[in-house]
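All of the numbers you see were taken from the coordinates with simple rules; none came from a lab. Quick caveat: nothing in here was measured; it's all calculated off a predicted structure. Reconstructed Cβ throughout: ideal geometry from the backbone, glycine too, with neighbour counts over all protein chains shown.
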Amino acid sequence: MARKIPLPKPKPTPRRLQRRQQMASAADYRDPRSAILTSDRRTIRVVSAPDGGALRQIITGRSWIGTASYPSAKTRRSQPVEGRTEDLWTLRCEVDPEILDYQNQPFRLEGITDSGPITYIVDQIRLLRSGVRELVEGKCDVRAATTERALARKALALEFCEAADLRYRLVLRDELMDRTEVEAIDLIQTYRFVIVTERHAQIAAHHLADSDGVSTIGELARLLEADPVRGLGIICSMMVRGLLAIDLTRRINRDSIVRAVKPIAGSLPKLRFV
């Protein structure tokens, strides 16, 4: 009688290992949190991740979505990024001193329309220095923003903004493609994790106050550190933290204009809803 010889187990391929990791992540996924808002026309369900982070993951939905992760120093959490448009405006939010906090893909909106149910994962919400909260939707061009599906989602988002006291904003990729600004923003965000001490903040505040709120990178860097490169890094990191503003309309150099920012007045609303 022939004896069966067990065959060696095949080595896991990279694709199989990736699939196992996805299955493990799916097993650890918890039910999302939700809240109900009522607009003038319909009831809107707001669904968010239980940990307060991004709702969409690599295993979310029925299709594969390539998602990058951007470690944000301003928000102190990782921000998911899909596509060039989200990448550009995420970097802009990171360095803009008027934006205090932001979250990409924070929650999903669910509602019922005349044509049936509709769901929409919000691209971004952000909190401005003025206290205004914005819901931002990014599209590559006008054509992508005027499709039947996009218009239905926009209508749902507008009703949600009215019920939740948010301001709706549509961002097109062409608005973010100025080469000079892109290069300046990219340079500033590379220094976002440079440590800014209380001494640095006080020196910059006193210097800008004595110079009517306007100075240059070279002059301020000389006061902050003996090494001008390190001084530049501190100034860029201070812009990420909303302590000052650098002129982005020209290429950054030692003669670039640095301006003071207005202090935050009063209490601010929370960025999150659920």
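Under 5 Å between amide hydrogens, which residues at least 5 positions from ILE125 or on another chain qualify, with H placed 1.01 Å from N in the peptide plane?
Distant-sequence amide H within range of ILE125: GLN103, GLN105, VAL136.
Would you please give the FRET efficiency between GLN202 and THR43, computed as 1/(1 + (r/R0)^6) with r the Cβ-Cβ distance and R0 = 30 Å, to the nearest 0.05?
0.05
So for each of 132-145, 200-213 I average, over its residues, the number of other beta carbons within 10 Å; can you give me the resulting order with the highest mean first?
In descending order of packing, they fall as 132-145, 200-213.
Which ³J(HN,Hα) values, rounded to whole Hz and listed in residue order, are derived for segment 111-127 from phi using the Karplus coefficients 6.51, -1.76 and 1.60 in 6.51 cos²θ - 1.76 cosθ + 1.60 with θ = phi - 60°, glycine and proline given as x?
x, 10, 10, 5, 8, x, x, 9, 10, 8, 7, 5, 5, 6, 10, 8, 10
Could you please rank THR13, THR180, placing first whichever residue has the fewest other Cβ atoms within 10 Å of its Cβ? Let's see the in-between values first.
Numbers: THR13 9, THR180 12.
In increasing order of surrounding Cβ atoms, one gets THR13, THR180.
Under 17 Å from the 7 Å Cα→Cβ point of ARG272, by amide nitrogen: which residues of segment 65-92?
72, 74-80, by backbone N distance to the label point.
Could you grab the Rg to Rh ratio for segment 179-260? Cα atoms only, Kirkwood for Rh.
My calculation puts Rg/Rh at 0.92.
Please report GLU225, GLU183, GLU94 as a ranked list, fewest other C-beta atoms within 10 angstrom at the top and most at the bottom.
Values: GLU225 16, GLU183 13, GLU94 22.
Ascending number of Cβ neighbours within 10 Å: GLU183, GLU225, GLU94.
Mark the label point 7 Å from the Cα of ASN253 along Cα→Cβ and return the residues of segment 188-218 whose backbone N is within less than 14 Å of it.
Within reach of a label on ASN253, which here means backbone N under 14 Å from a point 7 Å along Cα→Cβ, segment 188-218 contributes 217-218.
Kirkwood hydrodynamic radius of segment 69-218 from all distinct Cα pairs, in Å?
For segment 69-218, inverting the mean 1/r across all distinct Cα pairs yields 17.5 Å.
Could you tell me the calculated FRET efficiency between ASP114 and VAL182, based on Cβ-Cβ distance and R0 = 41 angstrom, to the nearest 0.05?
Taking R0 as 41 Å, the efficiency between ASP114 and VAL182 is 0.50.
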